[in-house]
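A quick write-up on the structure given underneath.
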Amino acid sequence: MPFDRLEQKEAAGFLLRIVATLPARQQEVIQLKFQNDLSYQQIAKIMKTTANNVGVLLHTALKTLRQRYGEIARDFIPFKPRTTE
């Protein structure tokens with residue numbers, strides 16, 4: 001359905017805008033974990049830190065994203081087109 005694709009595209013853009021508000025290291029850890037599907041050890045090596053610190057950065061970033069999404073999404077009403085059935 002075209003509306004489903006549009007809704008998914010808008011949701012992805014919405015999420016990317018929220019991710020862009022995070023500090024640079026948190027953005028980097030989110031990208032490496034979820035876009036590149038890397039392990040904590042791989043991310044730690046790339047970021048020159050410990051795997052434990054990767055976990056802390058990831059936890060903090062996700063907590064912030066949930067909070068900001070919740071604040072913004074409260075005012076968001078999803079568009080549901082009428083169907084002619």
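The values are calculated or read from the model by the stated rules, or taken from the named source; none is laboratory data. The structure displayed is predicted, hence computed values, not measured ones. Cβ atoms come from the backbone with ideal geometry, glycine included; neighbour counts cover every protein chain shown.
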Problem - Matching residues in segment 30-40 - criterion: being under 11 Å from the mean Cα position of the chain (by Cα) and either surrounded by 11 or more Cβ atoms within 10 Å (Cβ to Cβ) or in contact (Cβ under 8 Å) with a residue 40 or more places away in the chain (or both) - result: Ile30, Gln31, Lys33, Phe34
Completion exercise
Note on segment 1-45: residues modelled with pLDDT of 95 or more, of a type in the set (A, V, I, L, M) and in a helix (DSSP H, G or I) are Ala24, Val29, Ile30, Leu32, Ile43, Ala44
Exercise for the section: Hey, can you tell me all the residues within segment 54-72 that are in contact with a helix residue (DSSP H, G or I) (Cβ under 7 Å, 6 or more places away or on another chain) and not β-branched (Val, Ile, Thr)? Expected result: Gly55, Leu57, Leu58, Ala61, Leu65, Arg68, Tyr69
Handout entry: Of all residues in segment 41-61 being crowded, with 17+ Cβ neighbours inside 10 Å and within 15 Å of the chain's Cα centre (by Cα), the one that is nearest to Ile72 (Cα to Cα)
Key = Ala61
